[in-house]
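Data first, discussion second: the structure below is written as structure tokens.
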Amino acid sequence: MQGTEKIAVIGLGYVGLPLAVEFARGRKVIGFDKNSARVAELQAGRDSTLEVEPEELAAAQGMEYTDDPERLREATIFIVTVPTPIDDARKPDLTPLLRASETIGSVLKPGDIVIYESTVYPGATEEVCVPVLERVSGLRYITSATSGTSSGHSAESASPAAGFYCGYSPERINPGDREHRVSTIRKVTSGSTPEIAERVDALYREIITAGTHKASSIRVAEAAKVIENTQRDVNIALINELALIFNRLGIDTLEVLEAAGTKWNFLPFRPGLVGGHCIGVDPYYLTHKAQQIGYHPEMILAGRRINDGMGAYVAGQLVKAMLKKRIQVEGSRVLVMGLTFKENCPDLRNTRVVDILHELAEYDVEVDVCDPWAAAEGARHEYGVELTEHPNPGSYDAVVLAVAHRQFREMGAAEIRALGKPNHVLYDLKYLLTAGESDLRL
């Protein structure tokens, strides 16, 4: 791989920006995003996702930011890092991926390589994205098969002059994690031919100090990614179901998990809300593909049902606890502390805290939400939530610790309790407090 080849990274969010910045330490990189405001803030040296520090942005000497698709013509390697969400029916929404493929297809040249990092189901790259690239560019997709006759193309069509190549290297970004960064997480790579697979692997080896794992095919790499988060989802669903059981038995779930955790091979999962752009979404990509081929996945979907129902369960438990304390639920005021999908991170994507808010609204509860990490505009735009910056002490009939932000941890039980009325319920979803300091724990 020649270090002089220019890379274009399409999508400058939580995945694309850190990746582009790493490459830009030693290569020329075009960072493309259709969001002009996002491009402007990066050009000014600011990252609202807080994934990349200003000094890191400044150190990326080879980086250029643009919202002009024509600039992409300068690149020979394209890396796609756009979101892959689900729709309201919990089906894969490949719109961002298709739009990115159309954009790349309009500037694609013979011999170029398109690498996808977005999470998809096995087969999506070659079944969904490649046809778009071929249609828009007018070029042929070169694979090991097309160097023979299995796809109906002549052997000559496998030459760089006749078409383009693809690779797949799934992202492994963990938003808000300052320890596990792009370069320190081992990377899975793949390519449409053995030669391209090696070139893609060599490209990532330039920046990945933790090493790479070259998969035998794009489909294998796609499958590896989608099961990473599916496995976590199923494991958390098990712990959530155990919490439902132990709560009925009057047993503290955390005490049980800590006791079981004394065995060396017990997995340290905790119950809670399962949101975010990965764990709460990726399993639906796998189940969608499974159903396409005639298999109904039972365990994966059962886990999804449990995890998707936790917000309603939490709201129900809170209401019961309020009634036991003879607190009038209708018209009551509840403070929910935290809105982002995880602690110490501004990421609001697919947060399941909103499930609690929606459920409490059914009881005509007035809910305030405070979150020192969330952007007020983002909360308003995505969920219609107006954040409360400074909750008034002594104002609330119940307080819900929904996200384990360090600011909340530093407050301690007494300061959090002071936000409630003399008679109130404190529900600790994240085990920030000891068992005796809260009224409820998940």
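The values are calculated or read from the model by the stated rules, or taken from the named source; none is laboratory data. Not measured: the values here are computed from a predicted model. Cβ coordinates were reconstructed from backbone atoms using ideal geometry, including for glycine residues, and neighbour counts include every protein chain displayed. When the accessible area is computed, the model is the full protein with side chains, heavy atoms only, and any ligands, DNA or RNA have been set aside. Shrake-Rupley method; radii C 1.70, N 1.55, O 1.52, S 1.80 Å.
What to note about this one:
- When +1 charges are put on Lys and Arg Cβ atoms and -1 charges on Asp and Glu Cβ atoms, the dipole computed for the chain relative to its Cα centre reaches about 800 debye.
- Positive-end extreme of charge dipole, the chain - chosen from Leu42, Val403, Gly62 (charges on Cβ): Val403
- Taking segment 158-207 and dividing mean pair separation by its residue count, relative contact order in percent (alpha carbons under 8 Å, at least six apart): 35
- Relative contact order (%) - the chain, alpha-carbon pairs under 8 angstrom, separation at least six: 10
- Simple rule: put +1 on each Lys or Arg Cβ and -1 on each Asp or Glu Cβ in the chain, find the dipole, and look at Val188, Ala237, Val256; the Cα lying farthest toward the positive end is Val256.
- When peptides 163-174, 188-199, 318-329 are ranked by their average number of other Cβ atoms within 10 Å per residue, the highest-first order is 163-174, 188-199, 318-329.
- Heavy atoms of the protein chains alone define the surface here; on that basis the chain has 44 Å² accessible area per residue at 1.4 Å probe size.
- The residue list Pro271, Leu335, Pro346 was ranked by how far each Cα lies along the charge dipole of segment 233-392 toward its positive end, using unit charges on Cβ atoms, and Pro271 comes out on top.
- Net charge dipole size for segment 249-350 [Lys, Arg +1 and Asp, Glu -1 on Cβ; Debye, nearest 20]: 300
- Accessible surface of segment 222-377, 1.4 Å probe, proportion on carbon and sulfur as whole %: 55
- By the combined test of axial Cα extent (at least 24 Å) and Kyte-Doolittle hydropathy (mean at least 0.0), the qualifying DSSP H helices of the chain come to 218-249.
- GNM flexibility winner over the chain from Leu429, Leu254, Leu57 (Cα, springs under 10 Å): Leu254
- Anisotropy class of segment 374-438 from Cα gyration tensor, a/c 1.5 cut: prolate
- Burial ranking of peptide ranges 299-307, 412-420 (average Cβ count within 10 Å, highest at the top): 299-307, 412-420
- Summing Cβ point charges (Lys, Arg +1; Asp, Glu -1) relative to the Cα centre of segment 1-146 gives a dipole of roughly 400 debye.
- Antiparallel DSSP beta bridges within the chain, as percent of all bridges there, nearest 5: 5
- Theoretical ellipticity at 222 nm over the chain - DSSP helices of four or more residues, -39500 (n - 2.57) apiece, nearest 500: -11000 deg cm²/dmol
- Of Lys225/Lys320; Lys320/Lys430; Lys289/Lys430, pairs whose Cα-Cα distance is over 30 Å: Lys225/Lys320; Lys289/Lys430
- Added length on full extension, which subtracts the Cα-Cα distance from 0.36 nm per residue, Glu415 to Glu41: 131.0 nm
- Cα gyration tensor, segment 370-410 - rounded (a/c under 1.5), prolate or oblate: oblate
- Accessible surface of segment 1-109 [probe 1.4 Å, protein heavy atoms]: carbon and sulfur percent: 49
- Taking a ≥ b ≥ c as the square roots of the Cα gyration tensor eigenvalues, segment 49-97 comes out oblate, since a/c reaches at least 1.5 and a/b does not exceed b/c.
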